[in-house]
Amino acid sequence: EPGKGNAYVLAGDFHDIRFGDTTVDAVYINCLDHALDIDKIVKEVWRILKPGGVFIVDIVYGFEEGFLVGDHDCMHWPTARGFAALLADTGGFDLAEFRDLTEMGSAQWTQAQLIKPSESAGYSRPPPSTLTTISSVNERP
């Protein structure tokens, strides 16, 4: 269960993650719908992940899939799969897997596994200007 007593949950600001560059094998986030600056979070995850590292993101359904924004949500998107693809494309990750979590008891939730390409693939970080397209998901229909 999440909370102060859980050794696997890091308390802090996911806009400013307190790890050094390329020091982490995996990052799990389940609250991007509450993010104030998604661009900054994606850049931070990229910064701390080692090449070949995994970014696991739980993504709530989008408005085209029937999810209605709550009082504490900061972001909304048309579809969860489309948002996962946008995160991958604009963040420079490979979308390795996408699955619906409904059968696991998490109604209206999905999960994406994004991989930071390895250095051996000859991949370098996209310029920061390419990340600005994520901001458009903040607009509601």
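The values are calculated or read from the model by the stated rules, or taken from the named source; none is laboratory data. Keep in mind that this is a model prediction, so the values were computed, not measured. Positions of Cβ are backbone-derived with ideal geometry, glycine not excepted, and every protein chain shown enters the neighbour counts. Surface areas here come from the heavy atoms of the whole protein model, side chains and all, with no ligands, DNA or RNA. Shrake-Rupley method; radii C 1.70, N 1.55, O 1.52, S 1.80 Å.
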**Asked** How many of the residues making up region 65-97 are closer than 28 Å to residue 119 by Cβ and among the small types (Gly, Ala, Ser)?
**Response** 6
**Sole residue being touching a residue at least 60 places away in the same chain (Cβ under 8 Å), part of a strand (DSSP E or B) and of a type in the set (A, V, I, L, M), chosen from 54, 42** = 54
**Prompt:** So, in region 23-59, of the ones that are open to solvent by 30 Å² or more (accessible area, probe 1.4 Å), among the aliphatic types (A, V, I, L, M) and modelled with pLDDT of 90 or more, which residue ends up nearest to residue 113 (Cα to Cα)?
**Reply:** 56
**Complete:** residue 62 passes all but one of the listed conditions (1) crowded, with 18+ Cβ neighbours inside 10 Å; (2) more than 20 Å from residue 112 (Cα to Cα); (3) of a type outside the set (A, V, I, L, M, F, W, C); the exception is number (2)
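For every residue, the table says whether it meets (1) at positive phi; (2) not β-branched (Val, Ile, Thr).
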{"residue": "8", "(1), (2)": "no, yes"}
{"residue": "12", "(1), (2)": "yes, yes"}
{"residue": "41", "(1), (2)": "no, no"}
{"residue": "45", "(1), (2)": "no, no"}
**Fill in**
Checked pairs for region 75-95, first on the phi > 0 side of the Ramachandran plot, second open to solvent by 10 Å² or more (accessible area, probe 1.4 Å), C-beta under 9 Å and 6 or more apart or across chains, list as 92/46; 92/116; 92/117; 92/123; 92/124; 92/125; 92/126; 92/130
**Message:** If I filter region 73-124 down to residues being open to solvent by less than 20 Å² (accessible area, probe 1.4 Å) and β-branched (Val, Ile, Thr), which single residue comes out as nearest to residue 31 (Cα to Cα)?
**Reply:** 110
**Request:** May I ask you to verify whether residue 77 is modelled with pLDDT under 95 and either farther than 26 Å from residue 8 by Cα or among the basic types (Lys, Arg) (or both)?
**Result:** yes
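Mind checking which residues of region 57-74 are out of contact with any Gly (no Cβ under 8 Å at 6 or more places or on another chain), assigned to a loop (DSSP other than H, G, I, E, B) and without any contact (Cβ under 8 Å) to a residue 60 or more places away in the chain? Reasoning before the result, please.
Kept after step one, since they are out of contact with any Gly (no Cβ under 8 Å at 6 or more places or on another chain), are these residues of region 57-74: 57-61, 63-74.
With assigned to a loop (DSSP other than H, G, I, E, B) added as a condition, the list becomes 61, 66-74.
Passing the criteria: 61, 66, 67, 68, 70, 71, 72, 73.
Yes or no, residue by residue, for (1) of a type outside the set (Lys, Arg); (2) out of contact with any helix residue (DSSP H, G or I) (no Cβ under 7 Å at 6 or more places or on another chain):
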{"position": "42", "(1), (2)": "yes, no"}
{"position": "47", "(1), (2)": "no, yes"}
{"position": "53", "(1), (2)": "yes, yes"}
{"position": "63", "(1), (2)": "yes, yes"}
{"position": "77", "(1), (2)": "yes, no"}
